Amino acid sequence: MTIEIIVEDPEALELRIVRGVEEALRYLPRSSAESVHPLEALYLVYNGVATVTDRRGKRYSFENLVRLYSLRNPYAWVEFEVYLDLRKRGRLPVPGPRPHSLLLKKRKKEPKFTHYILVLEESRPVKLDTLYSFVEEASKNNWEPLLAIVDRYGDITYYTALVFRPGLTRLPKEGG
């Protein structure tokens, strides 16, 4: 393992690569890495190419890192499951602009994102307003909105999301 990540701030879970930046960029779908998102750090540790320590030298295992991230984000595990699933399918996800979201790129060097994914868990309710604003944000940025729903067994189903606005053009005539 040549990638070393340090926990700069355990409260905010700010992570920074201190050794092996070039190596990390081979695994991560972006072109620079001053800091690393917890999902990306989990992915690197899961694949056995990185170690994570705090400033005092305490080493975090994959399980410890998941536990630490889960304290700040109740969707940590399902987000990681979706991130890992997309990576296994050859996709290039990066953490998105809103909580529990990911953006997808077609190619690593391409700056444009193609899909916007909202990660949901089947047992947790979600407000319609959240879904609506998610779809609207995606359409404003020319991204295809997808919902990634993780069931209790860890299976992931992807749905295309859209806003349907029915319109009644004419009322039917009586008796005819």
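The values are calculated or read from the model by the stated rules, or taken from the named source; none is laboratory data. This is a predicted model, so every value here is computed, not measured. In this analysis, Cβ positions are derived from the backbone assuming ideal geometry, glycine residues included, and neighbour counts consider all displayed protein chains.
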For the stretch 111-127, how many residues are touching an Asp or Glu at 6+ places or on another chain (Cβ under 9 Å), under 15 Å from LYS140 (Cβ atoms) and in a loop (DSSP other than H, G, I, E, B)?
0
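This table checks each residue for (1) touching a helix residue (DSSP H, G or I) at 6+ places or on another chain (Cβ under 6 Å); (2) crowded, with 16+ Cβ neighbours inside 10 Å; (3) aliphatic (A, V, I, L, M).
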residue: LEU28; (1), (2), (3): yes, yes, yes
residue: ALA41; (1), (2), (3): no, yes, yes
residue: ALA76; (1), (2), (3): yes, yes, yes
residue: VAL94; (1), (2), (3): no, yes, yes
residue: SER123; (1), (2), (3): no, no, no
Failed criterion for LEU65 (all others in (1) surrounded by fewer than 20 Cβ atoms within 10 Å (Cβ to Cβ); (2) under 16 Å from PRO10 (Cα atoms) hold):
(1)
Index of the failed condition, GLU81 passing every other in (1) more than 24 Å from PHE164 (Cβ to Cβ); (2) in contact with a helix residue (DSSP H, G or I) (Cβ under 8 Å, 6 or more places away or on another chain):
(2)
Just to be sure I understand the filter: pairs with C-beta atoms under 6 Å, separated by 6 or more residues or on different chains, first member in the stretch 37-63 and in the same structural domain as PRO95 (by TED's automatic domain parsing) and touching a residue at least 60 places away in the same chain (Cβ under 8 Å), second member aromatic (Phe, Trp, Tyr) and surrounded by fewer than 20 Cβ atoms within 10 Å (Cβ to Cβ). Which pairs pass?
none
So which residues in the stretch 105-124 are within 20 Å of TYR75 (Cα to Cα) and either charged (D, E, K, R) or at pLDDT below 95 (or both), if there are any at all?
GLU121, GLU122, SER123, ARG124
Those residues of the stretch 138-157 which are in contact (Cβ under 8 Å) with a residue 40 or more places away in the chain and not small (Gly, Ala, Ser), in sequence order:
TRP143, VAL150, ILE156
